[in-house]
Amino acid sequence: MRVELVKRPQQSALFSALSPFIALLLTLLAGAVMFLFLGKNPADALYYFFIEPLLETWSLHELAVKAAPLILIGVGLSICYLSNNWNIGAEGQFIIGAIAGSILPVAFPGFQSPIVLPLMLLMGIVGGAAYAGIPAWLKARFGTNEILTSLMLVYVAQLFLDWLVRGPWRNPEGFNFPETRNFHAYAVLPEIWPASGRAHWGFVFAILAALVLWFVLSRTLKGFEVKLIGQSPRAGRFAGFSRSRMIIFAFLVSGALAGLAGISEVSGAIGQLRPAISPGYGFTAIIVAFLGRLNPLGIIAAGLVLALSYLGGEAAQISIGVSDKVARAFQGMLLFFVLACDTLIHYRIRISRRVVAAKPIKAPAGHA
Amino acid sequence: MSATRENRAGNLLDVRGLTKLFGSLKACDGIDLTIDRGEIHALLGENGAGKSTFVKMLFGALEPAAGTIRWKGEEVRIASPGDARKLGIGMVFQHFSLFDALTAAENIMLSLDDPAPAGAVAARARELSEAYGLPLDPNAHVGDLSVGERQRIEIIRCLLQNPELIILDEPTSVLTPQEADRLFDTLARLKAEGRSILYISHRLEEVKRICDRATVLRQGRVIAHCDPRRETASSLARMMVGDEVQAVVREKPSAAREALLEVRALSRKAGHPFAVSLSDIDLAVHAGEVLGIAGVAGNGQGEFFEAVSGEVLQEKADAVRIRGKDAGRQDISGRRLMGAAFVPEERLGHAAAPLMTLSQNLLLSRCRTDARAFLSRLGIIRQGAVAKAAKRIADAMDVRKAGEDPEAAALSGGNLQKFVIGRELDRAPMVMVVNQPTWGVDAGAAARIRQALIDLSKGGSAVLVISQDLDELFEICDAIAVMHHGRLSAPIPIGEATYEKVGLLMGGARPEAAEPMLEAV
């Protein structure tokens, strides 16, 4: 017996639209089973995980704090993935953006002026873009596999940050903790409504970036170029678009947005550099991009959903005492179901038995 | 075995009411057909008439929705190509599935149901190739072989299964006239052995020459069973198309005018092991002229098209000149802006993006040349203007489509080709380069496309047509040059060109040798 995927002649439009929701539903079901095995009441667990965080104003702010980097990185990745460039290293670009943006408040704490914050954001953008430029250039010039190079550079960035905060950038008044000094007031990204919670301007950047890229992708020649080169590279070349310039463009845009996410996170949510500044935003954003169907507007929604899984993980840890790894498990299941749903929209499963002989339906009389 | 003998008198294959549905489309609608032993039976029809669907059902690649297949009088269900082979049905496909890096014998070995050692396969292949007049070295690498030789591998691969019915799908579309003659000898030999052949073709002269009976399909139905030798080419064409195919009208070219497209000493090294390198190609296409480039597929036409279109740049700027200006260092957009237009061979994936709509595909080749009409500031696409232009093109070329702006992949080959050609004609380009303009296109669409190319040249443009279809080139060109192994012969004016002369050049005869050989005949 053999199981095969057979391409469907046409895809159902209805199920294409429903697929993210079906994937969510399946994730919840699988999650309920998981809680059952952990010995918790699934209904309670799911309530603490997915409902409770939405009931309080401050936790809605937290949702925005977590969603901001996910959306920023996710929309950037959508440009990459639509143009067939598999940037897996957004986590590293996020970190380098955070480091580059932190140069001013950490290395030059005396420089205090209103221009510091815009400069920091700019340097974060440039840092992230430059770091994404490495795998892009390697791919365009030598044809290296960007999945490998961009992923490996994540570890380089993580170790570089670790070295910085334990070594040259360690806070001189910080009792030897591996942290930089706290950012001064001019270097902090302000909150949107300080009275009600912590949500900072990073969330506004995220929404703006999503809207702009949505417009670019759906209405402009550049967006057409991105999709055309992604769908059929030869037709893209026939149209006169350069594949290598597209590689560079896609990586720079997604690196820049990851860098902006990085500096927004440290200057908005954290206020200093630490060895770990991201709970895997750069990887989770890959799920966000696909759950949002590589459409920037969809990515806003998907970013909020995944942000909720982070919050839920924390809440569930406190309320019912499960490990925060549960959040990772949820994210993994969600990606699995999203991809599975998409696959089953394009393909159907055929189970065929090995032996299929030509069988006469009936043997006419007179034959041996 | 006894069953086989008892049935010797009866039909080999008897198909009744075979039907296949794709959604609401009846691709095959109650097809009846019988094939006798030792018969060459033609299956005629335009593209989309249901020939391929029908044959796929016989070969087990598709399952019929209704109808019966009787093989030697016994009703059978053919669920897979393996079943078909076991019954004794073999098929030679139009597009070969061979691995370039392997030898002929290794390719044959891969396709066998029962594994056999390479040496034995090679020996058997050599035996068959001698017995049936199909010269082939089993140890040659496929990548080094001509298309005709590759086809022989497919035929031998098929013969190894000792089939009683051999299905040939458009076998001569890739052959020179001389190679085709040799194939016909082989077919005659197979027929003399009592094997039957189902011969799919749209070349009517050929069918008249070698086939005993013909079945004509149109829109999934059998229109007629006939004896092709008693029909004329035009009566067969009428059955296929339903009404008279309009003959293409061509006028005498006026006196030579300025050269709008020039290629000077164009050479290009092969980019990968199975590409063809181009050497020293010279050519000029003048205003009001249609120049044809004949040649068997895989002799450098694709590489030449890439070089001329600017998808690949030249080292020397004057290697390609458009309207008297050097274009060798211009990319495809630059050459379009100089007044040239290009239509590549492959429709889906090269000329058009399959999953994009027609209006997006219009933008594909015209986003630079018509930037003013199609784009506003900041590169924002003026969807309305693009959609209107797409509609204009579809109307002008009679593109039949479901819906206002469907995806390219949803169109039939002929309709998409009309759109792809119309997209360029709509610009009234001064230079038009087309690779295989009517490949896999039905007769009606082909006639329309050819007429459109001639009309363009009459308007004073230079048209370069690369084609494997000699009939097409003789129909529309003012002169024909032949490409062989990456070299281009001098163009032969149409008045002096004959099938034999062009055919010999296609087979690799040196131009100067071609003439005396003919005279000797």
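The values are calculated or read from the model by the stated rules, or taken from the named source; none is laboratory data. Just so it is clear, the model here is predicted, and its values are computed rather than measured. Here the Cβ is made from the backbone with ideal geometry for all residues, glycine too, and neighbour counts use every protein chain on show.
Those residues that are part of a helix (DSSP H, G or I) and either facing chain B (nearest Cβ under 8 Å) or surrounded by fewer than 23 Cβ atoms within 10 Å (Cβ to Cβ) (or both), I need them from the stretch A:226-235; list them, please.
Across the stretch A:226-235, the qualifying residues are A:Lys227, A:Leu228, A:Gly230, A:Gln231, A:Pro233, A:Arg234, A:Ala235.
Here are A:Phe336, A:Phe249: which of them is within 14 Å of another protein chain (Cβ to nearest Cβ), in a helix (DSSP H, G or I) and out of contact with any Ser or Thr (no Cβ under 6 Å at 6 or more places or on another chain)? None of the others qualify; the one that does is A:Phe249. If you go through the stretch B:13-36 and keep only what is at pLDDT 90 or above and under 26 Å from B:Glu205 (Cα atoms), you end up with B:Leu13, B:Ile31, B:Asp32, B:Leu33, B:Thr34, B:Ile35, B:Asp36.
Any chance the stretch A:47-62 includes a residue that's under 18 Å from the mean Cα position of the chain (by Cα) and either farther than 19 Å from A:Gln317 by Cβ or modelled with pLDDT of 90 or more (or both)? I'd like the intermediate steps shown before the answer.
Residues of the stretch A:47-62 that are under 18 Å from the mean Cα position of the chain (by Cα), as a first pass: A:62.
Keeping just the survivors that are either farther than 19 Å from A:Gln317 by Cβ or modelled with pLDDT of 90 or more (or both) gives A:62.
Taking every residue of the stretch A:47-62 in turn, at least one turns out to be under 18 Å from the mean Cα position of the chain (by Cα) and either farther than 19 Å from A:Gln317 by Cβ or modelled with pLDDT of 90 or more (or both).
With respect to B:Ala409, determine if the residue is surrounded by fewer than 16 Cβ atoms within 10 Å (Cβ to Cβ) and either assigned to a loop (DSSP other than H, G, I, E, B) or touching a Cys at 6+ places or on another chain (Cβ under 6 Å) (or both).
Details: surrounded by fewer than 16 Cβ atoms within 10 Å (Cβ to Cβ): yes; either assigned to a loop (DSSP other than H, G, I, E, B) or touching a Cys at 6+ places or on another chain (Cβ under 6 Å) (or both): no.
Judged against the criteria, B:Ala409 is not a match.
Under the condition of being within 12 Å of another protein chain (Cβ to nearest Cβ) and at pLDDT 90 or above, which residue from the stretch B:40-71 is surrounded by the most Cβ atoms within 10 Å (Cβ to Cβ)? Per the stated criteria, the residue is B:Trp71. Any residue that is closer than 24 Å to B:Ala497 by Cα and hydroxyl-bearing (Ser, Thr, Tyr) - is there at least one of those in the stretch B:276-294? Yes, because at least one residue in the stretch B:276-294 is closer than 24 Å to B:Ala497 by Cα and hydroxyl-bearing (Ser, Thr, Tyr). If only residues of the stretch B:328-349 that are among the small types (Gly, Ala, Ser) and within 15 Å of A:Arg237 (Cβ to Cβ) are counted, the one that is farthest from the other protein chains (Cβ to nearest Cβ) is B:Gly334. Considering the conditions (1) in contact with a strand residue (DSSP E or B) (Cβ under 7 Å, 6 or more places away or on another chain); (2) at the interface with chain A (Cβ under 8 Å from one of its Cβ atoms); (3) not aromatic (Phe, Trp, Tyr), B:Asn299 is excluded by exactly one of them, (2).
Of A:Phe241, A:Phe283, A:Phe290, which residue is of a type in the set (Phe, Trp, Tyr), over 19 Å from A:Ala23 (Cβ atoms) and out of contact with any Phe, Trp or Tyr (no Cβ under 6 Å at 6 or more places or on another chain)?
Numbers: A:Phe283 fails: over 19 Å from A:Ala23 (Cβ atoms); A:Phe290 fails: over 19 Å from A:Ala23 (Cβ atoms).
Within the list A:Phe241, A:Phe283, A:Phe290, the selection yields A:Phe241.
Restricting attention to the stretch B:355-368, which residues are hydrophobic (A, V, I, L, M, F, W, C), within 10 Å of chain A (Cβ to nearest Cβ) and under 13 Å from B:Asp426 (Cβ atoms)? Matches in the stretch B:355-368: B:Leu363 only.
Listed residues B:Ala352, B:Ala371, B:Ala402; which is of a type in the set (A, V, I, L, M) and more than 10 Å from chain A (Cβ to nearest Cβ)?
Step by step, each of B:Ala352, B:Ala371, B:Ala402 is checked, and only B:Ala402 is of a type in the set (A, V, I, L, M) and more than 10 Å from chain A (Cβ to nearest Cβ).
Is at least one residue of the stretch B:101-118 without any contact (Cβ under 8 Å) to a residue 12 or more places away in the chain and hydrophobic (A, V, I, L, M, F, W, C)? Reasoning before the result, please.
Here is the first cut: in the stretch B:101-118, the ones without any contact (Cβ under 8 Å) to a residue 12 or more places away in the chain are B:110, B:114-117.
Next, from what is left, pick out any that are hydrophobic (A, V, I, L, M, F, W, C): B:110, B:116.
Looking through the stretch B:101-118, at least one residue is without any contact (Cβ under 8 Å) to a residue 12 or more places away in the chain and hydrophobic (A, V, I, L, M, F, W, C).
Of the residues examined, A:Arg243 is one that is over 19 Å from the mean Cα position of the chain (by Cα), more than 9 Å from chain B (Cβ to nearest Cβ), more than 25 Å from A:Phe330 (Cα to Cα) and at pLDDT below 95. Here is the figure for the stretch A:261-283: residues that are under 20 Å from A:Pro172 (Cα atoms) and crowded, with 24+ Cβ neighbours inside 10 Å total 3.
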